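Below is one structure, written out as structure tokens; comments come after it.
The values are calculated or read from the model by the stated rules, or taken from the named source; none is laboratory data. Small disclaimer: the values here were computed from a predicted structure and weren't measured. Glycine also receives a Cβ, built like all others from the backbone with ideal geometry; neighbour counts cover every protein chain displayed.
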Amino acid sequence: MWWNSLSSIEHVYWIIAVASSIVLFIQLIIACFAGFDFGADIELEHDIDTGPDFQLLTVRNVVAFFSLMGWSGLTLLDKQVSIPITIVFSFLCGTVMMVISASFFFFISKLQSNGNIDLGQAVGKTARVYLTIPEKNSGIGKVQVGLKGKLIELKAVTEGKEIKTGMNIKINAITNSIVSVEKI
């Protein structure tokens, strides 16, 4: 039988290559039906932000690493390359694939648009409290402000007393998509 004629290292590379390729295929199917945002980078809450950072170690990238590592290792073993060189070169191939995959999704994420709204334009504007803002930066509330004809919801903090829902506020500053406000 074919499997019994393989060496131990070939068994390892076949298991890695086939298993990771199956997972990669499943991820591809999920991406086609659910979009490209899946894996270990799940967000429980989504607000307007500046975009994701470069993420090298995600489920998607690790699977890509093992997939290319497995297939390149099998190819090198088939070409009768020594085992140490095969291990090093297949590891390098997997690493290059992981970096390419991370770079691809990083640059794709930069193409996303938040409607071209510059949040800096909110500074100095009057807004309405949507969720109560706790006093003295002890928690985060939410405000709604009109920008470019749209009602935008932003996280908010205050250095003063608690500001209740429905009250009007002035936006003083914005840091990391969180506005600092004061009661009018």
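A few points about this structure:
- The range 88-109, subset in contact (Cβ under 8 Å) with a residue 60 or more places away in the chain and buried (at least 16 other Cβ atoms within 10 Å of the Cβ), residue farthest from residue 11 (Cα to Cα): 105
- Lone unmet requirement of (1) at pLDDT below 85; (2) under 30 Å from residue 7 (Cβ atoms); (3) not small (Gly, Ala, Ser) for residue 88: (1)
- Restricted to strands (runs of 3 or more DSSP E) entirely inside the range 81-184, those with at least 1 residues that are more than 30 Å from the chain's Cα centre (by Cα) are 126-131, 168-175, 178-183.
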